[in-house]
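Visitor: One structure is given below, represented as structure tokens, and several questions about it will come after.
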Amino acid sequence: MDQFLFESRAGFCEHYASAFVVLMRAAGIPARVVTGYQGGEYNRMGDYLLIRQSDAHAWAEVWLEDRGWVRVDPTAAVAPDRIEQGVRAALSDDAGLPDYMLRSLDWGAIRLQFELWRDSLDYYWSGWVLAFGPERQAELLERLGLGRLDWRGMITLMVVLIGLVVLVFAAIFLWRNRLPVADPLSLVYRRFCRRLGRWGLTRSAHEPPMAFAQRVGRERPDLAEPVMAFTQEYVALRYGSRPDPERFRRLRRLLREVRPRRTLQ
């Protein structure tokens, strides 16, 4: 204490509080050191005050006959910035502080935001997973507007939740395995095949378009010309390098021309 008072004259809050108490006791005034925390970091992500070990603080109390124990903070007289703004305001950026405590707006600020996000995640994990007991269950149900449920209500709620989960997974499965939507060109060719099917000309699943058109020409010579014209245009569009809206409109016109030709008697 002598070295602090008469030689270094520099230190932290515990040095000033201890020295003040020694001086008060030497003067015959009862005094004691009190330790705790001062300040903190407000975490907006979790809506709580984050108290670190760096926020630890020491002050003093003196006994006055007419007032009892009275708080006195010697650090406030020596370094008021430490009390009003915290330890980061009292020290410079090159004082050996951790990265997240630096006042600079570059890496220190990013590190601070990451620390707050990580701490809020740990806070909710500890509060809602590790400590999820009957009190937490009741609090969660009240937040959801369900009030306090007995064991029958809990079973009903579990059945409903399981059913919802099953429905969600079923919807995801059906969506991922849904049938592909046919493109307009395929729809036109299907109409072409249905039209020929009405006249007994059914295309086999393994039959290519040109082979089907040639077979139609052999079985129905009166349909050979329009069927071949339509098929050639369809093949050119299907396997062409790029879509052509004008040729697609022409394909639809050729589809309307696919009909048996009437012969004059």
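Visitor: Please identify the pairs in which a residue from segment 16-35 that is in a helix (DSSP H, G or I) has its Cβ atom under 9 Å from the Cβ atom of a residue that is polar (S, T, N, Q), counting only partners at least 6 apart or on another chain.
Guide: That search, which allows pairs on different chains as well, returns 16/75; 17/35; 17/75.
Visitor: Does at least one position in segment 70-82 carry a residue that is over 21 Å from residue 35 (Cβ atoms), polar (S, T, N, Q) and at pLDDT 70 or above?
Guide: no
Visitor: Also, I was wondering about something else. Has segment 34-47 got at least one residue that is farther than 29 Å from residue 125 by Cβ and loosely packed, with under 13 Cβ neighbours inside 10 Å?
Guide: Yes: segment 34-47 contains one or more residues that are farther than 29 Å from residue 125 by Cβ and loosely packed, with under 13 Cβ neighbours inside 10 Å.
Visitor: Do the conditions hold for residue 161, that is, is it of a type in the set (A, V, I, L, M), open to solvent by 90 Å² or more (accessible area, probe 1.4 Å), within 47 Å of the chain's Cα centre (by Cα) and at pLDDT below 90?
Guide: Here the answer is no, as residue 161 does not meet what is asked.
The values are calculated or read from the model by the stated rules, or taken from the named source; none is laboratory data. Source: prediction; values computed, not measured. Here the Cβ is made from the backbone with ideal geometry for all residues, glycine too, and neighbour counts use every protein chain on show. Just so you know, the surface numbers come from the protein's heavy atoms only, side chains and all, with ligands and any DNA or RNA stripped out. Shrake-Rupley method; radii C 1.70, N 1.55, O 1.52, S 1.80 Å.
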